[in-house]
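Colleague: First the structure, which I've put down as structure tokens, then a few questions once you've had a look.
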Amino acid sequence: VPSIDRAFKILECYKGHDHSEFGVSELSRRLELNKSSVHSILHTLSSNRILEKNPQTQKFKLGKGLREFAIIAQGKQDLLGIAKPHLIQLAENSKCTVFLGRFDGSRIKVLEKAEPGDGLNISVSVGQRIPFDAGCLGRVCLAWLEKKQLTKLLQSRSLSDYTPQSITDPGAFRKALSKTRKLGYALDSQEEYLKGVWACSVPVFDASGISAAMTLI
């Protein structure tokens, strides 16, 4: 599509140049495109936060939206590679199953796992999606959510009573999330999700905030 190709050519101008900002005229001259076309593309890119307009110079610079995409891409490339050796070591040292999970907006997806050579093995599959209120794992994944996102999530479905110890009251659940933020970890010592199973979860942070949760069962 010509307009998409032109948009990428505009973004390419920010690579390998000392310029951190470009105006309509300069981009038009560099790319040999008419000004109206450049102006239209810049407006679209800025409305989607890919570029930002400097009100003082009336020129455009790379926007926060583009940086957010870069952080996400970098995190997906690095997270599993960095975490895997630690999961393996922790599984061997603790003789427990250890896995990495990430909240995907509605449930928690298991990204990676490690099991001890001998010891307690819990059936958890990579790719498995776990309810967001699943004991300490859920509390860690939700504890750092923005309030609006958390409220919307809790309004979307009721908290489940997996065991008699499960937290089913939204107010009590919010208090548990607040405690998790304060402590920096969460424990499931009351068999909240699975009877006979205790667990511990900790957050894994990156430059954008919480990226995943590591859980030991």
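Colleague: In region 176-217, how many residues are under 17 Å from Ile130 (Cβ atoms) and basic (Lys, Arg)?
Modeller: 1
Colleague: Assuming Ser158 fulfils every condition listed in (1) under 20 Å from the mean Cα position of the chain (by Cα); (2) without any contact (Cβ under 8 Å) to a residue 12 or more places away in the chain apart from one, which condition is it?
Modeller: Among (1) under 20 Å from the mean Cα position of the chain (by Cα); (2) without any contact (Cβ under 8 Å) to a residue 12 or more places away in the chain, the lone unmet condition for Ser158 is (1).
Colleague: Which members of region 16-29 meet the condition of being assigned to a loop (DSSP other than H, G, I, E, B) and at pLDDT 80 or above?
Modeller: Ser20, Glu21, Gly23
Colleague: Let me ask something else about it. So if I check each of Ser28, Ser37, which one is free of Cβ contacts under 8 Å to residues at least 12 places away in the same chain and surrounded by 15 or more Cβ atoms within 10 Å (Cβ to Cβ)?
Modeller: None of the other options fit; the residue is Ser28.
Colleague: Only one residue in Glu52, Glu112 is over 16 Å from the mean Cα position of the chain (by Cα), surrounded by 13 or more Cβ atoms within 10 Å (Cβ to Cβ) and part of a strand (DSSP E or B), so which one is that?
Modeller: Glu52 is the lone residue from the list that is over 16 Å from the mean Cα position of the chain (by Cα), surrounded by 13 or more Cβ atoms within 10 Å (Cβ to Cβ) and part of a strand (DSSP E or B).
Colleague: Can you tell me which of Lys182, Lys148, Lys175 is free of Cβ contacts under 8 Å to residues at least 40 places away in the same chain, basic (Lys, Arg) and within 28 Å of Ala83 (Cα to Cα)?
Modeller: Lys182
Colleague: Continuing with this model, one more query. With (1) buried (at least 16 other Cβ atoms within 10 Å of the Cβ); (2) in contact with a Gly (Cβ under 8 Å, 6 or more places away or on another chain) as the list, and Val98 as the residue in question, which single condition is left unmet?
Modeller: The failed condition is (2).
The values are calculated or read from the model by the stated rules, or taken from the named source; none is laboratory data. Model, not experiment: these values are computed from the prediction. Every residue, glycine as well, gets a Cβ built from its backbone with ideal geometry; the counts of neighbours run over all protein chains shown.
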